[in-house]
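Since the structure comes first, as structure tokens, the remarks are kept for the end.
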Amino acid sequence: MGCKVNQVETEAMESLFVKSGYEIVNFTEKADIYVVNTCSVTSLGEQKSRKLIHRAHRENEKAIIAVVGCYAQANGEEIAKIPGVSVVIGAKDKAKIVEFVEDALKGKFVNAVTDARENTEFEEITSNFSQNRTRAFLKIEDGCENFCSYCIIPYLRGKIKSRSLESIKKEAVSLADKGFLEIVLTGIHLGMYGKDTGNTLFDAIKEVLCNTDIPRLRLSSLESVELSENIIELAAKDGRLAPHFHLPLQSGSNAVLKAMNRHYTKEEFKKLAYKIIDKLPTASISTDIIVGFPNETAELFNETLDFVKSVPFSRIHIFPYSKRPGTVAANMENCVSETEKKQRVKILTELANKKTREFIGKFIGKELSVLFETETDGVSNGLTDNYIRVYTKDKAELNKISRVALEDFYNDGVMGRII
């Protein structure tokens, strides 16, 4: 469930099971052991996590169910009471998943959730299990200290913990040797990589680019105030650093941003967006926006709409505000009704779709490089470096970067012709 960091950690746990002689099967199949890596960023994430746990128990009542991750960290005692659950692991000790499961197989109940404040060291957990992916996610950071007023994650993941540059180099070289053509650097608060070690995200990027011949390096979600000038300059000079920046905005109203405890103004965000486009004309800037935050009036929501219209976003992920017990926002008054939240999501979604179409439309009739990933019913698809989904009915070689002429809108992207 949840974020890219969870995806990395899930694949790493799968790798640990494979090394120990276990066979990985699809979650929908009957299994002896089920692992659910949960999400707690919204109430919906927790709800989906619970459903998966119950589904696994219905599939095989005798199975060992291990519940891992943020929801387990937040509500370990509650999860321990769910029928079938034998192992509960929070934000740390995922590297011990096999050991804990084997304790459970011997009849021992394992609750390994510890105080997040004690989670102060980066946990080395490497994935060699790619599920035929062409992109590899390389986790270099964990934890967050931003304490946005709506977010529970800092309380669950603990302080910032950075991977050593030597370890980043070692895994990047390993991934390149395995044939991956794209590496995605990821973390809970990626832009603060190195705060605890004296390094920077720029150092981590250089470590990968200088020690591998990987053709693409991409950054996952990054706070706008942490996107440094030297990273933008490097992307402009080295075509291997993908011109794609996911910068969470959360609101286009300064009043709401302040209430959210976000550390920038909309004017600063906009200035950065246009600086990126000036240096990297083909760059895509995707974002996240929360609607229906407490005290977000209709006028403040309209400020967000107007702001979105003025910024060249390529894609917008929209979330209705979800109350998280234990956060500052959970105690705020003047809550927006669920009906109004849904209406605002609908309005913003229509604008977001228009922005995406405008962005993609700029590239129809042009040629871009595409890393092809999958093929279904004779149609292959993959991503450009600036994160446009491209489809083709030509015979595409998967896990290979090909030049493609983009011809017309198709599904969530473009139909193209391999050159």
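Laid out as a table, the results:
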quantity	calculated
Qualifying positions in region 237-259 - charged (D, E, K, R) and buried (at least 17 other Cβ atoms within 10 Å of the Cβ)	ARG240
Selection within region 319-369 - part of a loop (DSSP other than H, G, I, E, B), under 12 Å from GLY292 (Cα atoms) and either of a type in the set (Lys, Arg) or in contact with a strand residue (DSSP E or B) (Cβ under 9 Å, 6 or more places away or on another chain) (or both)	TYR321, SER322, LYS323, VAL336
Filter pass, GLU233 being under 17 Å from PHE313 (Cα atoms), surrounded by fewer than 21 Cβ atoms within 10 Å (Cβ to Cβ) and either of a type in the set (Val, Ile, Thr) or touching a helix residue (DSSP H, G or I) at 6+ places or on another chain (Cβ under 9 Å) (or both)	no
Residue match in region 101-121 (condition: over 22 Å from ARG157 (Cβ atoms) and aromatic (Phe, Trp, Tyr))	yes
Residues satisfying the stated conditions in region 267-304, i.e. more than 24 Å from MET332 (Cβ to Cβ), assigned to a strand (DSSP E or B) and of a type in the set (S, T, N, Q)	SER284, SER286
Tally of residues being surrounded by 20 or more Cβ atoms within 10 Å (Cβ to Cβ), more than 22 Å from the chain's Cα centre (by Cα) and touching a residue at least 24 places away in the same chain (Cβ under 8 Å) across region 376-419	7
Test: residue in region 244-254 that is assigned to a helix (DSSP H, G or I) and either under 15 Å from ASP288 (Cα atoms) or among the polar types (S, T, N, Q) (or both)	yes
Pick from region 70-129, criterion among the polar types (S, T, N, Q) and in a loop (DSSP other than H, G, I, E, B), ranking: farthest from ARG163 (Cα to Cα)	ASN75
So GLY69, is it on the phi > 0 side of the Ramachandran plot, surrounded by fewer than 23 Cβ atoms within 10 Å (Cβ to Cβ) and touching a strand residue (DSSP E or B) at 6+ places or on another chain (Cβ under 6 Å)	no
Among (1) over 21 Å from the mean Cα position of the chain (by Cα); (2) in a loop (DSSP other than H, G, I, E, B) - the single one GLY2 does not satisfy	(1)
Pick from region 209-227, criterion over 19 Å from ASN386 (Cα atoms) and of a type outside the set (D, E, K, R), ranking: surrounded by the fewest Cβ atoms within 10 Å (Cβ to Cβ)	CYS210
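Table: residues versus (1) touching a strand residue (DSSP E or B) at 6+ places or on another chain (Cβ under 9 Å); (2) over 22 Å from SER149 (Cα atoms); (3) surrounded by 20 or more Cβ atoms within 10 Å (Cβ to Cβ); (4) of a type in the set (Val, Ile, Thr).
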| residue | (1), (2), (3), (4) |
| --- | --- |
| ASN261 | no, no, no, no |
| GLU268 | no, no, no, no |
| ILE285 | yes, yes, yes, yes |
| ASP288 | yes, no, no, no |
| SER314 | yes, yes, yes, no |
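Each reported figure results from applying straightforward, stated rules to the coordinates on display, with no laboratory input. Note that the structure is a prediction, hence the values are computed from the model and not measured. Quick reminder, even Gly has a Cβ in these numbers, built from the backbone with ideal geometry, and neighbours come from all protein chains shown.
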